[in-house]
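Let me begin by presenting the structure, written as structure tokens, before commenting on it.
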Amino acid sequence: MAPRVRFAPSPTGWLHVGGARTALFNWLYARRHGGAFVLRIEDTDAARNTEEATRAILSGLRWLGLDWDEGPEKGGDRGPYFQSARKEIYRRYVQCLLDENKAYQEKGVVRFRLPHKVVRVADRICGTVHIDLSAEPDLTVMRADGSFIFHLVNVVDDLEMGITHVIRGEDHLSNTPKHLALYEAFGATPPVFAHIPLILNKDGSKMSKRDAGASLGEYIAKGYAPDALRNYLCLLGWSPKDNRELMALDELIARFDLDHVHRSSARFDVEKLEWMNTRHMMDMPLARFLEIARPSLGEIASSDPFYADRVLAVVKDKVKHLSDLPEQTAYFFRDDFPLDPAAVEKVLRKPGAADRLAALRARYANTMDWTSTTLETDLKALAAEMGVKPAEFIHPCRVAISGRTVGPSLYPMLEVLGKARVLARFDRARAA
RNA sequence: GACCCCAUCGGCUAGUGGUUAGGCCACCACCCUUUCACGGUGGAUGCACGGGUUCGAAUCCCGUUGGGGUCGCCA
């Protein structure tokens, strides 16, 4: 039987990275086993839910590349997928509990009679866990105002939606006996439970909603490639066991398995994410890079999209964050870019630099075939003629055309900028 | 506090009774080099502690400590 898994966020804010990882694990499990990934919005708490949060969650999942087979804006046979639209179903189940004396009314609320015994939880990841419910008070399932409590709706929906595997955060492990009791009361077979470890801050403290780096939105804004964050998140609590780390989506799908999910919580290490991010951007095809990088350039690129794409191609392997792009490529799009004073002092004012720059300008003025290979050949020939190392030309040239000492590989940069701009910048640098 | 889960370099992890305890990030040194990166080589750093079991424990058992979670008319 094809598995059916679900991600059931509550729309009270941005998608938490922990939640994003839970969604990812569920999604990978579904894709790996040819099952269905269901998205259900748990908006039973009308006071705290916002439509904005729902939108943020949907866009966050889409950004990560996690598409759902059933859910909001998609539909499906087991809907509706918003709990706020399923009240009739919950009412029916509660009535059933009441009819069978498995629940009772007290002060207007409905309480489910918990079995006061030790419950055995067979968890796919944590193994067998025994939890004693004998001292546990009965479970409230419906409020006096007729609204329903998480435990009830969560179980009812998983039941109604035919969920076969519940992959969720370990914070729910202690709640599981209660859920199991509910399944039993409904005469239903419970799904397989798999509780995944939680994500901690770098210092080992728990990552709560308000901590820096807790919201997926921060990573989107900062300009991480979804490919990289997905890869990183996947490795937090799961390991392919053979030291493989940089993996594209298809490999992740092919290899992900619940068997290799850890029991211990993991700390979020942004530095490793940074590394993974640059590596992913270097490794990905240019077309994919352009797709994710173009939005970061925004208005800057609008006047000449073709030129902007060529610029992006040149800086692709040097980018740390997509959000750095406007600043990092500024000199490609404007001629009045600032010249770094330290670079001017160190490189342009260096004895002989001005002469070499002038010579290079004269040489490039005659370069007809303005391509990186020819530009390289010409520069090296000139250096040989003057009896100095190419570096003596390269460094002043870089500062002259970009204003900085660091940047992309020189010749492709010259090619993209074009002859007119390059010569003009040589003149400007000489005047500086 | 009670109950539950967890414990290998600074971080993420491999490791399931016998290994010089491996890999990646970060760090240090060197190499490569047109800058910065990338890449390459080498280095430093680890089995939380205490008891057992065993010829032999990172690996199995118990305890301690530490971290996390759950105990709602939040989800």
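So here's what we get for this one:
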quantity: Unique residue being at pLDDT 95 or above and under 13 Å from the mean Cα position of the chain (by Cα) when the list is A:R21, A:R31, A:R40; calculated: A:R21
quantity: Filter result (more than 16 Å from A:I131 (Cα to Cα), within 9 Å of RNA strand B (Cβ to nearest atom) and open to solvent by less than 30 Å² (accessible area, probe 1.4 Å)) within the stretch A:169-198; calculated: A:G169, A:P197
quantity: Elements of type helices (runs of 4 or more DSSP H) contained in the stretch A:354-432, each with 3 or more residues being surrounded by 15 or more Cβ atoms within 10 Å (Cβ to Cβ) and away from RNA strand B (no atom under 16 Å from the Cβ); calculated: A:419-431
quantity: Single condition A:D67 does not satisfy, out of (1) part of a loop (DSSP other than H, G, I, E, B); (2) in contact with a helix residue (DSSP H, G or I) (Cβ under 6 Å, 6 or more places away or on another chain); (3) under 26 Å from A:N49 (Cβ atoms); calculated: (2)
quantity: Matching option when the condition is open to solvent by 40 Å² or more (accessible area, probe 1.4 Å) and touching a residue at least 40 places away in the same chain (Cβ under 8 Å), among A:D257, A:D283, A:D269; calculated: A:D269
quantity: The one condition in (1) within 25 Å of A:R6 (Cβ to Cβ); (2) open to solvent by less than 20 Å² (accessible area, probe 1.4 Å); (3) more than 7 Å from RNA strand B (Cβ to nearest atom) that A:K209 fails to fulfil; calculated: (2)
quantity: Residue match in the stretch A:260-281 (condition: more than 7 Å from RNA strand B (Cβ to nearest atom), of a type in the set (D, E, K, R) and under 29 Å from A:H33 (Cβ atoms)); calculated: no
quantity: Criterion (assigned by TED's automatic domain parsing to the domain that holds A:G60, more than 11 Å from RNA strand B (Cβ to nearest atom), surrounded by 17 or more Cβ atoms within 10 Å (Cβ to Cβ) and on the phi < 0 side of the Ramachandran plot) met by exactly one of A:Y232, A:Y224; calculated: A:Y224
quantity: Subset of the stretch A:131-142 (residues that are at pLDDT below 95 and near RNA strand B (Cβ under 8 Å from one of its atoms)); calculated: A:I131, A:D132, A:A135, A:E136, A:P137
quantity: Members of the stretch A:156-168 that are open to solvent by less than 20 Å² (accessible area, probe 1.4 Å) and either over 29 Å from the mean Cα position of the chain (by Cα) or within 24 Å of A:M207 (Cα to Cα) (or both); calculated: A:V156, A:V166, A:I167, A:R168
quantity: Selection count, the stretch A:100-159, where residues are of a type in the set (K, R) and touching a residue at least 60 places away in the same chain (Cβ under 8 Å); calculated: 2
quantity: Qualifying residue in the stretch A:323-334 (condition: of a type in the set (K, R) and open to solvent by 60 Å² or more (accessible area, probe 1.4 Å)); calculated: yes
quantity: From the options A:S174, A:S147, residue that is among the small types (G, A, S) and under 15 Å from A:T44 (Cβ atoms); calculated: A:S147
quantity: Matching entry among A:D69, A:D123, A:D45 (being open to solvent by less than 60 Å² (accessible area, probe 1.4 Å), assigned by TED's automatic domain parsing to the domain that holds A:R143 and acidic (D, E)); calculated: A:D123
quantity: Scope the stretch A:72-97; condition open to solvent by 40 Å² or more (accessible area, probe 1.4 Å) and more than 16 Å from RNA strand B (Cβ to nearest atom); matching residues; calculated: A:E73, A:K74, A:G76, A:D77, A:R78, A:E88, A:R92, A:Q95, A:C96
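The values are calculated or read from the model by the stated rules, or taken from the named source; none is laboratory data. Model, not experiment: these values are computed from the prediction. Heads up, the Cβs are rebuilt from the backbone with ideal geometry, glycines too, and the neighbour counts pull from every protein chain shown. When the accessible area is computed, the model is the full protein with side chains, heavy atoms only, and any ligands, DNA or RNA have been set aside. Shrake-Rupley method; radii C 1.70, N 1.55, O 1.52, S 1.80 Å.
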